[in-house]
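This report concerns only the one structure given below.
The values are calculated or read from the model by the stated rules, or taken from the named source; none is laboratory data. Note that this is a predicted model, so its numbers are computed, not measured. Here the Cβ positions follow ideal geometry from the backbone for every residue, glycine too, while neighbour counts run over all protein chains shown. Just the protein is used for accessible areas: all its heavy atoms, side chains included, with ligands, DNA and RNA removed. Shrake-Rupley method; radii C 1.70, N 1.55, O 1.52, S 1.80 Å.
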Protein chains: 2
Amino acid sequence: MKYGIVAFPSKKLQDLANTYRKRYDPHFAQITPHMTLKDSFDASEEEIQSVIKQLDELARNVAPLQIHASRISSFYPTTNAIYFRVEPTEQLTTLHQALEEKISFGEAKHVFVPHITIAQKMSDSEHDDVYGQLRMAGVDEKDVIDRIHLLYQLEDGSWTTFETFRLTGAE
Amino acid sequence: MKYGIVAFPSKKLQDLANTYRKRYDPHFAQITPHMTLKDSFDASEEEIQSVIKQLDELARNVAPLQIHASRISSFYPTTNAIYFRVEPTEQLTTLHQALEEKISFGEAKHVFVPHITIAQKMSDSEHDDVYGQLRMAGVDEKDVIDRIHLLYQLEDGSWTTFETFRLTGAE
């Protein structure tokens, strides 16, 4: 089964992202707005039990994530995805590295750039148009995320939450 | 914020439900296939903390749910929703009653009929056509669900998981 690890921001920030996603993101229906912490990976039902143990332990030592969605950026020309840039912090980088080290399934597909995707799979010219508009609109939202989610993917591409892990570590 | 409590069946059963939902359920994109355990209710961020405590306690005393999706039925003429009928068991009824009693937000909108919706919001004639076809196809799947989910709804109608609760009670 294919799994992924994400953090969902507050309802307020998800609602804001969805105002763009419903128009510009064909993956809109597969998952609500999120920040990917570990790219999707394959694991068996037995293997995922060890992943859950690692996540349980990790979450007890990680404090709630302080995030700041500070501007709208694009991964162009790597991909045409446009996103809320989340300021990279030591906390986020440390969490991402811990996930990569402790959960030895799959491999990071990209350098870790914390982000919430709001548009993707557009043609180059559409991307340029939309990016121009969205960059002007901008974003400036701070948020605290106190849990992370382990998800699995259905055959049609949509994601169901398998388990939540509350981040209960000290600051 | 609007909350709901559901159980997601196995990936296999969700995939099966989605083969119908993608064609016949306009709510397809808002949530993956599920069995509603408590209808949606409004609660504040403070109130939901007490709900979480109740669910934590409840889940420790409820065994994993043994379910049997045994045939395809319809709520017609109440609504035009078509669903996998999940055989009502003492276990499911007891869990539903416990949720109604312990979580004093909202009210049950219908008598509790355990089900997984696969089609809805169709015209009467479309309903009759589709129901005729699906009833012939039928369903016969047994499943064990070892967790329940507390969800919240975004402004666009989609649902994000807030927290999972593992059912760890004895049989």
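Helical content alone sets the calculated 222 nm signal of chain B at -11000 deg cm²/dmol, taking -39,500 (n - 2.57) per DSSP H segment of four or more residues and averaging over every residue. FRET efficiency for the B:E57 to A:D140 pair, using the beta carbon distance and R₀ = 45 Å, is estimated at 0.65. Between the exposed loop cleavage positions of chain A, defined as trypsin sites (Lys or Arg not before Pro) in a non-H, G, I, E, B DSSP state with at most 13 neighbouring beta-carbon atoms within 10 angstrom, the longest gap is A:1-108. Counting Cβ atoms of other protein chains within 10 Å of each residue's Cβ and taking the mean over peptide B:150-161 gives 5. A label point on A:P88, set 7 Å along the Cα-to-Cβ line, lies at 5.7 nm from each of its counterparts in the other copies, closest listed first.
Taking the 1.4 Å solvent-accessible surface of the stretch A:24-67 as the whole, the part contributed by carbon and sulfur is 44%. Translational diffusion coefficient of the stretch B:2-166 (Stokes-Einstein, Kirkwood radius from Cα pairs, 20 °C, 1.002 mPa s): 131 µm²/s. When you restrict to C-alpha pairs under 8 Å that are six or more residues apart and normalise by the size of the stretch A:1-70, the relative contact order lands at 41 percent.
Over the stretch A:8-73, the hull volume per residue, using the convex hull of the C-alpha atoms, is 128 Å³.
Just so you know, the Cα atoms of the stretch B:1-44 work out to an Rg and Dmax of 11.9, 36 Å. Remark: mean inter-chain Cβ contacts per residue of B:2-11 equal 2, using a 10 Å Cβ-Cβ cutoff to other protein chain atoms. Given in Å, the Rg to one decimal and the Dmax to the nearest whole number for the Cα atoms of the protein assembly as shown are 20.6, 59. At the residue level, B:T168 shows approximately 90 square angstrom of accessible surface with a 1.4 angstrom probe and all protein chains present.
Cα centroid separation, the stretch B:53-96 to the stretch B:100-171: 8 Å. Per residue, the solvent-accessible area of the protein assembly as shown (1.4 Å probe, heavy atoms of protein chains only, all protein chains present) comes to 48 Å². Short-range pairs are left out: with C-alpha atoms under 8 Å and at least six residues apart, the relative contact order of the stretch A:75-157 is 38 percent. Buried surface between chains A and B: roughly 2200 Å² of accessible area, summed over both sides, computed with a 1.4 Å probe on protein heavy atoms only. Backbone geometry of the stretch B:34-44 corresponds, through the Karplus equation with coefficients 6.51, -1.76 and 1.60 at θ = phi - 60°, to 3J(HN,Hα) couplings of 8, 10, 6, 9, 9, 4, 4, 9, 8, 8, 7 Hz, x marking Gly and Pro. Restricting attention to the stretch A:2-166, the count of lysine pairs at 8 or more positions apart or across chains with alpha carbons under 26 Å apart stands at 27.
Plainly put, the tip 7 Å out from Cα toward Cβ on B:K2 is 3.0 nm from that tip on each other copy, the closest given first. Taking 8 Å as the Cα distance limit and 6 or more residues as the minimum spacing, I'd like the relative contact order of the stretch A:2-166 as a percentage. Over the stretch A:2-166, the number comes to 35 percent.
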